Structure formats: structure tokens, C-alpha cells
Amino acid sequence: MMRSWILPMLFVLCGSLVATGLTLRGSVGEGAAILLAFVLIAGVHSPLMFPRSIGATEAQRRSAADGRPVVFWRSGCKFCLRLRMRLGRDAHRLHWVDIWRDPAGAAAVREVCDGNETVPTVFVAGRPHINPDPGWVREQLCSSE
């Protein structure tokens, strides 16, 4: 779980250091703006940007019941972030599995990615699709209804 927060914490730490330096030099407003920018970047790269993750077993069970795709992701992944942002409000309709929080999810991804943890990996009807186009994922979501 802690691994998911390393990158966002580094952004906040770096922003704090830069903002402190600027504030000590008398640029309070500039320091505050820099800190705000780093906090926003940290928020975008945090697990908070994604819908609540569930375990791989539960996601596969739910997907079998409702036909919705399962997305295996991890925080800090720019391709996962791109998928999440391009899906917009539809993202909450997918089943999301954070591979850094769920060892079974990481194992499922490694199994289909030649031992690598390549994300996002989207399972549609039990078939894996590695780093698919967000538009295609949206189509799969619409066809599962």
C-alpha cells in the first residue's frame, strides 16, 4: 500500500522544499503557488484519482456477473492515468484492481505480460488487452450493458 504513495509524497516533499526556499527569500506568493502546483501534481498521481480498487478475485467475480471490464493499474503509471482521464465519468463503471495493493492482481498481470507488470491491462470477457486505447475500453463498457 505504501508503494502507491511514494511518488505523490515525493512531489509534495519537493514542492515543500522549493516553496520554503522561495519563502525564505521573501517570495511568499510565489512559494505558495509552487507548493499548490506540486500538491496538485501529487494529487493527480495518487491513488485518490482512481475509483476505489478491489481485489482481483472479487473483480473477476463481479465482471463475470455484470460483463464489465476489469482494469489492472498502479499509481504513478502515466498510461493508467491517461486511461482514467479519458474515460471520465465512465471510469467508475469499470472494476479497478491496484496491482501494488493486491498480489493476486499483480500475478494475473505478470501471467499475461511475460512476467512483467505492464499496466493498464484490461480484461474483457476473460481476455487480456495490454494498454488498450481508452476509446476501445469505452466501447467495451457500452457493449457490456
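Looking across segment 116-145, just one residue is aromatic (F, W, Y) and more than 15 Å from W73 (Cβ to Cβ), and that is W136. Within the set R138, R89, R52, R127, the sole residue that is surrounded by 14 or more Cβ atoms within 10 Å (Cβ to Cβ) and of a type in the set (K, R) turns out to be R138. Of the listed requirements (1) of a type in the set (D, E); (2) farther than 19 Å from V119 by Cβ; (3) under 18 Å from the mean Cα position of the chain (by Cα), D98 misses just one: (2).
Residue by residue, here is whether (1) over 15 Å from the mean Cα position of the chain (by Cα); (2) aromatic (F, W, Y) holds:
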| site | (1), (2) |
| --- | --- |
| A106 | no, no |
| N116 | yes, no |
| F123 | yes, yes |
| H129 | yes, no |
| S143 | yes, no |
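Condition check for G88 on (1) free of Cβ contacts under 8 Å to residues at least 60 places away in the same chain; (2) at negative phi: one failure, at (2).
The numbers here are math on the coordinates, done by the rules we state, and not lab data. Here the structure is a predicted model, which is why all the values come from computation and not from measurement. All Cβ positions, even for glycine, are placed from backbone atoms using ideal geometry, and neighbour counts span all protein chains on display.
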